[in-house]
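*Asks:* Structure in structure tokens, see below.
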Amino acid sequence: MDPILLIVVCVLAGGVLASLGVHLLPVGGAPAAMATATGVATGTVMLMLGAAMCGLFTAASVATYTSNILLVSLSGAVGSWLMMGVTMLLANLLYVFGAGVVPVSGRVDVDPITGQSQKEYKTPQCDGHGVPNVSYISGMIGALLGGFGGALMYFALLEYANFEPTMAGVAAMAIFVANAIIAAYNIGGTIEGFHDPKFKRLPKAILTCAIISLLSGVLVWVVANMGGLIG
Amino acid sequence: MLFAWMLLIVFLALIACMFEDLESDIGSQSNPNSQVQLAAQIGQVNRFFNKAISGEAPSYALYCTIAGVVAYVLLLKDVNPLLAIPIGALAGEAIHVIFSVTAHVGRTAAQKRFEQPIYLDVLYGHLLPIATHGFMATLCITAIAYIQCNLGTLSGMPALDHPFALPLLGFIWGITVGAIGSSTGDIHYGAEREFQDRPFGEGKRVVYHGKITRYADCGVRTQKDIAYFCAKYGGPITGFTFGLIILFESWRSLIGMMLGGYLPLQEAMASDTLLGTVARVATELIPAIPAAIGDLTAIIGIVVGLAIGIVLIVGNVVIVKWARKRYGPFVGE
């Protein structure tokens, strides 16, 4: 495939995957820090960026000894998956042993994966608390997709646009942040995962992120071309 | 030697994230600060330090990047790393303290209409703990970034040096440490210590919001009482989170490198023996050999990482099940 097309396609795919990943994370924002809402107690962009950066670190190492795009992207995905997995698990340890609450969803009465009932375990006037199993699994899938997208963009910038590794990392992160922020606006504060009614807003975010990523991909090509990195 | 450096990184990560969380508790940096902000607005005059410069992740990314840039420049000028890294961390913390003062004074001044005074003893008394805890976190992150940048050189295999420059690694780990400190450590402060006079074992209801616990065991509560409490559980768990992430990431990469043949190949190529010469000539003549070894290394790393993730999912299922059985359905009104 033509390098120009490869750059644009990879950046586009990476941006869309980042947006999809953000929608799958269980983000509780500030209310989750008071165990008033389900999810991880931080902002959408910060959580996704933290996970994606962790994946990007590993992906950059892996890119030094393999030039297989799938393996580099998967390494980034697994880095994010581990970061989210450990963070959500230990957050639950704090909820259970530090605050004495049972992790429950506030959006569904029955956990769609384990079938555990949620309603009777929930504190009144709260929108759930902790990270229930359905949100945990949704978050793990989101981290995989987001990490894959971030590493895919990094690899495209590194190998096809011939950016220097540090510059490729900075540029990939910048495009990732733009997409994550668009997704965060769409979510509007908190989301529990794929079972949350807010997840249905996904198509709008995907379309917006696709446009943003397409523009970013073209911009990368222009920068690489003008800088004499390709062509 | 490589394993020793890896373990040192894990230990530094543990210390960094613990201090980062405790600093965010002392300065009320993150999500639970919404309650400190709200408290004054509903007439709950308090002596909390109201410092929300930004989210923890961007602010720590800023301090760690400043520290990384200063250390990087000093290292380029041949300054010893043992001096360059602390000086870099000091520069990052200087910015941190400036932001702490402006954020606290600015936010509290804006609450004049709610009759919330600016207590100068609260301002002066918290700056040093904020700076010292923040310094520890920034210092450890900068040290991690330095070691990772030079991991190969330090362990005798130059190919293992991370391709990213030191400031970018500082940025990456600053973002990550802030995201973790915000998402795990905040819970102990926000859901427990901030509402300690409310019933234990339930989510903090919306009607409690803003009505924070303002009195300590003795006298009026400030953030120093909170750091003392959170250092017993929230801080160590947060440090443990980052430490585990770095441990799993490093461990799966190393397992992949060992079983995939990348590490033995690098060791052989770095040696001056006949084997080393053969390895160097073979990899140069047949590029498919290092490519195949690299692919295998990456595949093993991915598989090990996925396996660890599945164990984590099982761990969450067990914890949720245990909590449901132990605590039972919600009782009360």
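Taken together, the values in this text are just the output of simple stated rules run on the coordinates, not laboratory data. Here the structure is a predicted model, which means the values were calculated and not measured. Neighbour counts are summed over all protein chains in view; Cβ atoms, including those assigned to glycine, are modelled from backbone coordinates with ideal geometry.
*Asks:* Here are some pairs, B:Lys51/B:Lys112; A:Lys119/A:Lys204; B:Lys204/B:Lys232; A:Lys122/B:Lys325; which of them have Cα atoms lying more than 25 Å apart in this structure?
*Replies:* A:Lys119/A:Lys204
*Asks:* Same structure again: If you place +1 on the Cβ of every Lys and Arg, -1 on the Cβ of every Asp and Glu, and leave all else neutral, what size is the dipole of the stretch B:2-243 about its Cα centre, to the nearest 20 Debye?
*Replies:* 620 debye
*Asks:* Could you work out the Kirkwood radius for the stretch B:183-249, taking every pair of different alpha carbons, averaging 1/r and inverting it, reported in Å? Show your work: numbers first, answer last.
*Replies:* Numbers: mean 1/r = 0.0757 Å⁻¹.
About 13.2 Å for the stretch B:183-249.
*Asks:* Something else about it: Charges on Cβ only, +1 for Lys and Arg, -1 for Asp and Glu, centred on the Cα centroid of the protein assembly as shown; of B:Leu12, B:Leu127, A:Tyr185, which one is farthest towards the dipole's positive end?
*Replies:* Highest projection toward the positive end goes to A:Tyr185.
*Asks:* Right, something else. How many Cβ atoms of partner chains, on average, are near each residue of B:295-307 if near means within 10 Å of its Cβ? Mind dumping the intermediate values first?
*Replies:* Values: counts 7, 3, 5, 14, 5, 0, 8, 11, 2, 1, 11, 6, 1.
Across the residues of B:295-307, the mean count of other-chain Cβ atoms within 10 Å is 6.
*Asks:* Charges only on Cβ, +1 for Lys and Arg, -1 for Asp and Glu: so what's the dipole of the protein assembly as shown about the Cα centre, in debye to the nearest 20?
*Replies:* 1440 debye
*Asks:* So how long is each side of the stretch B:221-265 along the principal axes, counting just the alpha-carbon atoms, biggest first, in Å?
*Replies:* 59, 12, 9
*Asks:* State the dimensionless ratio Rg/Rh of the stretch A:15-130 (Rg: radius of gyration of Cα atoms; Rh: Kirkwood radius).
*Replies:* 1.07
*Asks:* Per the Kirkwood formula on distinct C-alpha pairs, the Rh of the protein assembly as shown is how many angstrom?
*Replies:* 23.9 Å
*Asks:* I've got another one for you. What do you get when you divide the Cα radius of gyration of the stretch B:1-53 by 2.2 N^0.38 Å, with N the number of residues?
*Replies:* 1.73
*Asks:* Determine how many Å³ per residue the convex hull of the Cα atoms of chain B encloses.
*Replies:* On the way: hull volume 49.4 nm³, N = 333.
Cα-based convex hull of chain B, divided per residue, equals 148 Å³.
*Asks:* Name the residue from B:Tyr215, B:Val303, B:Ser253 whose Cα lies farthest towards the positive end of the charge dipole of the stretch B:169-305, charges +1 on Cβ of Lys and Arg and -1 on Cβ of Asp and Glu.
*Replies:* B:Tyr215
*Asks:* Just to confirm a number: summing +1 for Lys and Arg and -1 for Asp and Glu over residues other than A:Tyr136 whose beta-carbon lies under 12 angstrom from that of A:Tyr136, what do you get? Let's see the in-between values first.
*Replies:* Details: positive: none; negative: A:Asp111, A:Glu192.
Charge balance in the 12 Å sphere: -2.
*Asks:* Cβ neighbours within 10 Å, averaged per peptide: list B:160-173, A:173-186, B:284-297, A:206-219 in order, most packed at the top. Mind dumping the intermediate values first?
*Replies:* Details: B:160-173: 24.8, A:173-186: 22.3, B:284-297: 15.6, A:206-219: 19.3.
Descending mean neighbour count gives B:160-173, A:173-186, A:206-219, B:284-297.
*Asks:* Can I ask one more? Quick one: P(r) of the stretch B:261-327 from all Cα-Cα pairs, 5 Å bins, percents rounded to integers, in order of increasing distance.
*Replies:* 3, 15, 15, 13, 10, 8, 8, 6, 6, 6, 4, 4, 2, 0
*Asks:* Further question: At a 10 Å Cβ-Cβ cut-off, how would you order B:Met6, A:Met167, B:Met18, fewest neighbours first? Let's see the in-between values first.
*Replies:* Values: B:Met6 21, A:Met167 17, B:Met18 28.
Sorted ascending by nearby Cβ count, the order is A:Met167, B:Met6, B:Met18.
*Asks:* A further question on this structure: I need the per residue convex hull volume for chain A, using only the alpha carbons, in cubic angstrom as a whole number. Intermediate values should be presented prior to the final figure.
*Replies:* On the way: hull volume 25.3 nm³, N = 231.
Once divided by residue count, the hull of chain A is 109 Å³.
*Asks:* Rounded to the nearest Å, what's the spacing between the alpha carbon centres of the stretch B:8-39 and the stretch B:77-107? Just the number, please.
*Replies:* So the two Cα centres are separated by 17 Å.
*Asks:* Could you give the distance between the Cα centres of the stretch A:145-199 and the stretch A:57-123, to the whole Å?
*Replies:* About 17 Å separates the Cα centre of the stretch A:145-199 from the one of the stretch A:57-123.
*Asks:* To make sure I understand, if each residue's beta carbon is the centre and we count other beta carbons within 10 Å, what order do A:Tyr160, A:Tyr154, B:Tyr208, B:Tyr60 fall in, fewest to most?
*Replies:* The most exposed by this proxy come first: B:Tyr208, A:Tyr160, A:Tyr154, B:Tyr60.
*Asks:* Just to confirm a number: summing +1 for Lys and Arg and -1 for Asp and Glu over residues other than B:Pro287 whose beta-carbon lies under 15 angstrom from that of B:Pro287, what do you get?
*Replies:* -1
*Asks:* OK, next. Of B:Thr238, B:Ile226, B:Gln266, which is farthest on the positive side of the dipole of chain B, counting Cα position, with +1 on Lys and Arg Cβ, -1 on Asp and Glu Cβ, and the Cα centre as origin?
*Replies:* B:Ile226
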